[in-house]
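Contents: one structure, followed by commentary.
The values are calculated or read from the model by the stated rules, or taken from the named source; none is laboratory data. It should be emphasised that the depicted structure is a prediction, and the values quoted were computed from it without experimental measurement. Here Cβ is always computed from backbone atoms with ideal geometry, including for glycine, and neighbour counts include all displayed protein chains.
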Amino acid sequence: MAQRRYTIVFYVAVFIAAMATYGVYRVLQAAKLSARVTTKPVVVAARDIPAGAALEKQSLEVKQWPAVAVPKEAMASLEAAVGRVARVPVFAGEAIVPGRLARAGTAPGLEARIAPGMRAMSVRINDVAGMSGLVQPNSRVDVLVSLRESGSSATEEVSKLFLENMRVLSMGSRTTRDDSGDPTPATTATLEVTPAQAEKLAVAMRQGMIQLVLRGFDDTDSTGTKGSSSSEVLAQLRSATPAPVVAKAPPRPVVRSTPRRAEPRRDTPPPVAVAPPPAKPDSLTVRVYRGNQVTQQKFDTTSTNGTP
């Protein structure tokens, strides 16, 4: 009877332990599921892709990103991205989204880089107008036109900045910037312009000479200059008076004074005490020798009349 009771207690203990183990397992699984981050496949650039270049399979890869970090409309398969053309530069590790790509069916080239509503127009430049090749693709420039204006009195030349903050699409046949910063010599520059700007630029090229003025990278302000004419420049040159030339005195030689040596200190000798002269005696004693006899005769030093 006791043996049977012990057997029942043993099986009950095993059952309770099994239930406890299963409960702990369910709790751990629930905690793991709550901590798990949901991911989605995203097509990213494996290397830098310049603007106007076609997306190739070697330049793309698929990675798992957290669902909350996946951009909207990001491509999830390589088949959807291969063959599309980048409208702007795409950097390595960046997700491929349709907004950074040209319209489907666009061929690689300069047309993929032109923004909607804009046009590409080439202008002829020389070494000076192109700033010795320092203007490169994706630079921002102002267009300066210089032309001769026929007036009633004389013909004068006028210069004016009439197009500002223009984007350079290409220099010659080069559409990408040189990362080393080396000059890009070219005879033509292709600018991104509006249709109205293209008309003004065509007149400026036919009537005068144009020159590109390079802008700073972050400079987007409009200058709004009034232009300059040859008569204004000449008037300014005539009104400018040279500054008077003042003759300068020759510089004085610098005499370096030699520091004087300190003379040794001389001690002043103490004053010598002078003894007062001895008082004159009031009488004189004269010894008189007579044979072997010696006598003394005393005389007064003063006479009766007061003379010695």
Those residues of segment 215-234 that are exposed (fewer than 15 other Cβ atoms within 10 Å of the Cβ) and more than 14 Å from residue 158 (Cα to Cα) come to a total of 9
Within segment 112-149, tally of residues that are under 22 Å from residue 194 (Cβ atoms) and either in contact with a Ser or Thr (Cβ under 7 Å, 6 or more places away or on another chain) or touching a residue at least 12 places away in the same chain (Cβ under 8 Å) (or both): 25
Please give the number of the condition residue 124 fails out of (1) crowded, with 16+ Cβ neighbours inside 10 Å; (2) modelled with pLDDT of 85 or more; (3) charged (D, E, K, R). (1)
Condition check: surrounded by 10 or more Cβ atoms within 10 Å (Cβ to Cβ), polar (S, T, N, Q) and not assigned by TED's automatic domain parsing to the domain that holds residue 176. Does residue 64 satisfy that? yes
Confirm whether residue 55 is on the phi < 0 side of the Ramachandran plot and either crowded, with 18+ Cβ neighbours inside 10 Å or within 34 Å of the chain's Cα centre (by Cα) (or both). yes
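Regarding residue 104, is this residue exposed (fewer than 12 other Cβ atoms within 10 Å of the Cβ), of a type in the set (A, V, I, L, M), outside any helix (DSSP H, G or I) and not assigned by TED's automatic domain parsing to the domain that holds residue 169?
yes
Just name the residue that is nearest to the chain's Cα centre (by Cα) out of those in segment 173-211 that are assigned to a loop (DSSP other than H, G, I, E, B) and within 19 Å of residue 53 (Cα to Cα). Don't jump to the end; show me each part of the working.
To start, the set of residues in segment 173-211 that are assigned to a loop (DSSP other than H, G, I, E, B) comprises 173, 175-187, 194, 208.
Going one step further and asking which of them are within 19 Å of residue 53 (Cα to Cα), we end up with 173, 175-179.
Working: 173: 32, 175: 27, 176: 25, 177: 21, 178: 21, 179: 19 Å.
If we take residues in segment 173-211 being assigned to a loop (DSSP other than H, G, I, E, B) and within 19 Å of residue 53 (Cα to Cα), then 179 is nearest to the chain's Cα centre (by Cα).
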Kindly establish whether residue 74 is surrounded by 14 or more Cβ atoms within 10 Å (Cβ to Cβ), at pLDDT below 85 and part of a loop (DSSP other than H, G, I, E, B). no
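Conditions (1) surrounded by fewer than 18 Cβ atoms within 10 Å (Cβ to Cβ); (2) in contact with a strand residue (DSSP E or B) (Cβ under 6 Å, 6 or more places away or on another chain); (3) assigned by TED's automatic domain parsing to the domain that holds residue 56, marked per residue:
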residue	(1), (2), (3)
120	yes, yes, no
145	no, yes, no
148	yes, yes, no
174	yes, no, no
182	yes, no, no
191	no, yes, no
198	yes, yes, no
Answer residue from segment 127-147, given it is more than 14 Å from residue 190 (Cβ to Cβ) and of a type in the set (S, T, N, Q) and is modelled with the highest pLDDT among those: 146
